[in-house]
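As structure tokens, the structure follows; a few thoughts come after it.
Please treat every number below as a calculation from the coordinates, not as lab data. Given the structure is predicted, the values throughout are model-derived calculations rather than measurements. Heads up, the Cβs are rebuilt from the backbone with ideal geometry, glycines too, and the neighbour counts pull from every protein chain shown.
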Amino acid sequence: MFALVASLVLFPTADEKVQPNPRQVAEKYLAAALADKPEEAIPLALEGRSTAEPETIKKLREVVAGQKLSLPTVLFSDKKGYALAVSDEIAVPEGANQANNRGVLVFTLKKNAGGAWLVKDIDVRGAKATEEEVKKAKKLFEDGKEIPPSKS
């Protein structure tokens with residue numbers, strides 16, 4: 001009897017859900033947006049932010065415009081509840097004000113009270129400036145960690 005009770009206490013139940021990490025959330029959001037599935041992207045966005053609006057998701061799809069896109073850099077701080085996910089450099093629309101119409105997408109994620117990571121903001125920025133921002137963030141977050149891309 002004791003062994004049965006101990007095994008029930010020691011093993012997690014199927015009801016316990018592991019929260020996706022910032023990379024998983026950003027990648028799922030991006031994949032849903034690029035697949036024109038705003039209904040899948042919206043739950044991954046912070047409520048009340050533009051990233052939770054179908055128009056923003058449509059605009060993201062238009063900016064990427066069929067270009068191959070991945071997120072090689074994802075940096076997060078559990079203590080601060082803040083994460084950055086940076087895309088590959090891509091061609092961006094002329095209105096993005098980037099040199100040579102090239103830039104990266106920067107996804108800012110925030111951890112909510114329930115511990116879930118959600119997409120807070122998306123910006124188009126210059127690759128060099130973003131590189132510097134990531135270096136600063138690594139110094140600012142004493143608990144900062146990078147999540148490497150998954151191997152496919």
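For the reader, a short list of remarks on this structure follows.
- Within the stretch 56-126, trypsin sites (Lys or Arg not before Pro) in DSSP loop having at most 13 other beta-carbon neighbours inside 10 Å: 68, 79
- Stokes-Einstein D for the stretch 22-147, Kirkwood Rh over Cα pairs, 25 °C, 0.890 mPa s (µm²/s): 168
- Each residue of the stretch 40-49 was assigned a 3J(HN,Hα) from its phi angle through the Karplus expression (A = 6.51, B = -1.76, C = 1.60, θ = phi - 60°), giving 8, 7, 4, x, 8, 10, 5, 4, x, 9 Hz with x at Gly and Pro.
- As a length-normalised measure over Cα pairs under 8 Å and 6 or more apart, the relative contact order of the stretch 22-147 settles at 25 percent.
- Spin-label model distance (nm) - residue 136 vs residue 112, 7 Å beyond Cα toward Cβ: 2.9
- A full extension of the chain between residue 146 and residue 19 corresponds to an added length of 44.0 nm, given 0.36 nm per residue minus the alpha carbon distance.
- Sorted from greatest to least, the principal axis extents spanned by the alpha carbons of the stretch 38-95 come out as 37, 25, 22 Å.
- Coupling constants for the stretch 21-33 follow from the phi torsions by the Karplus curve (6.51 cos²θ - 1.76 cosθ + 1.60, θ = phi - 60°), and in residue order they are 7, x, 5, 4, 5, 4, 5, 5, 4, 4, 4, 5, 5 Hz; glycine and proline get x.
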